[in-house]
Amino acid sequence: MRATSTDELKNFEIFSSLSHDELKKFQQHMFRRTYKKNQLLFTEGDPRERIYFLLDGYVKLERTNKEATMLYLDYVKPNDMFPYGGLFHDDFYHYSAFALTDIVVYYIPVRIFEEAVKAHKEQLLYVIKRLSKILEHHEIRLQTITTNNVKERVELAVTYLIKHYGFREGNHVIIDIPMTLTEIAKLSGASRETVSHVFKDLKNDQLLSTEFKHIVVYDPEYFLQKLQ
């Protein structure tokens, strides 16, 4: 189904500076699609044919080796585009993408998107800034997995989620992305059993709770100070 609303496109920062006529040019090449939870969007090594814009839900990006060891893991939240990996130069996707929840996306052919972005300075600057932000994300993630203290790794994984996927509600932060102990284990490089023990201690200390696969953080500063 073709994209039908330029208003929805305006919610994406990369399109926010475009005029109505410029948006219409993008819109005529865009298609809307829904995916069910756990459905595959693309696989590592597939031809890089589409750029996606997430309207609703969450997407998981991951890459593993032959031993099924996690090499890359990240998440996409609503009103963001993906994938950035390989933009402007690679012919194949660097990782696989799964629907973490039921999702709604727009997609556009890579060639059309890249040619249009190259012609718009504001959009090109946005891509550069976004890539810089992604690098910052991964610097934090690197800090998470290089510490030898497993409890610290789990707490840093929570910190990462607070910083990039949390929103304030009073004095609390709610991590809106559905997050199981297994996902936390992948993020922190710890076993699920270890994550379970650490979370039990954090709950006993009234630092956080889990509700319907969402994490409610009662003392965000306890976690955020770990980045200083």
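Taken together, the criteria exclude Thr34 from residues that are at pLDDT below 95 and among the β-branched types (Val, Ile, Thr). Return yes when Val76 is touching a Leu at 6+ places or on another chain (Cβ under 9 Å) and over 26 Å from Ser188 (Cα atoms) and no when it is not. Answer is no for this residue.
Filter region 93-113 down to residues that are touching a strand residue (DSSP E or B) at 6+ places or on another chain (Cβ under 8 Å) and in a helix (DSSP H, G or I), then give me how many there are. Outline the logic, then answer.
If we filter region 93-113 for residues that are touching a strand residue (DSSP E or B) at 6+ places or on another chain (Cβ under 8 Å), which is where we start, we get 93-100, 102-110, 113.
Right, trim to in a helix (DSSP H, G or I) and you get 110, 113.
So the count comes out to 2.
Taking region 162-185 as the range and being assigned to a helix (DSSP H, G or I), in contact (Cβ under 8 Å) with a residue 40 or more places away in the chain and out of contact with any strand residue (DSSP E or B) (no Cβ under 9 Å at 6 or more places or on another chain) as the test, only Lys163 passes.
When the residues of region 193-211 are filtered to those that are out of contact with any Lys or Arg (no Cβ under 9 Å at 6 or more places or on another chain) and free of Cβ contacts under 8 Å to residues at least 12 places away in the same chain, which remaining residue is surrounded by the most Cβ atoms within 10 Å (Cβ to Cβ)?
So, considering only residues that are out of contact with any Lys or Arg (no Cβ under 9 Å at 6 or more places or on another chain) and free of Cβ contacts under 8 Å to residues at least 12 places away in the same chain, the one surrounded by the most Cβ atoms within 10 Å (Cβ to Cβ) is Lys203.
The residues of region 46-72 that are in contact with a Ser or Thr (Cβ under 9 Å, 6 or more places away or on another chain) and either over 23 Å from Tyr126 (Cα atoms) or among the aliphatic types (A, V, I, L, M) (or both), listed by number, are Asp46, Val59, Leu61, Glu62, Arg63, Thr64, Met70, Leu71, Tyr72.
Being farther than 19 Å from Pro109 by Cβ, in the same structural domain as Asp102 (by TED's automatic domain parsing), of a type in the set (Lys, Arg) and outside any loop (DSSP other than H, G, I, E, B) narrows it down to one of Lys25, Lys37, Lys60, so name that one. Please lay out each step first, then the result.
Working: Lys25 fails: farther than 19 Å from Pro109 by Cβ; Lys37 fails: outside any loop (DSSP other than H, G, I, E, B).
The conditions single out Lys60.
Within region 147-161, being outside any loop (DSSP other than H, G, I, E, B) and more than 20 Å from Phe98 (Cβ to Cβ) holds for Val150, Lys151, Glu152, Arg153, Val154, Glu155, Leu156, Val158, Thr159.
The values are calculated or read from the model by the stated rules, or taken from the named source; none is laboratory data. Since the structure is predicted, the reported quantities are computational estimates derived from the model, not experimental observations. Virtual Cβ from ideal backbone geometry, glycine too; neighbours counted across all protein chains shown.
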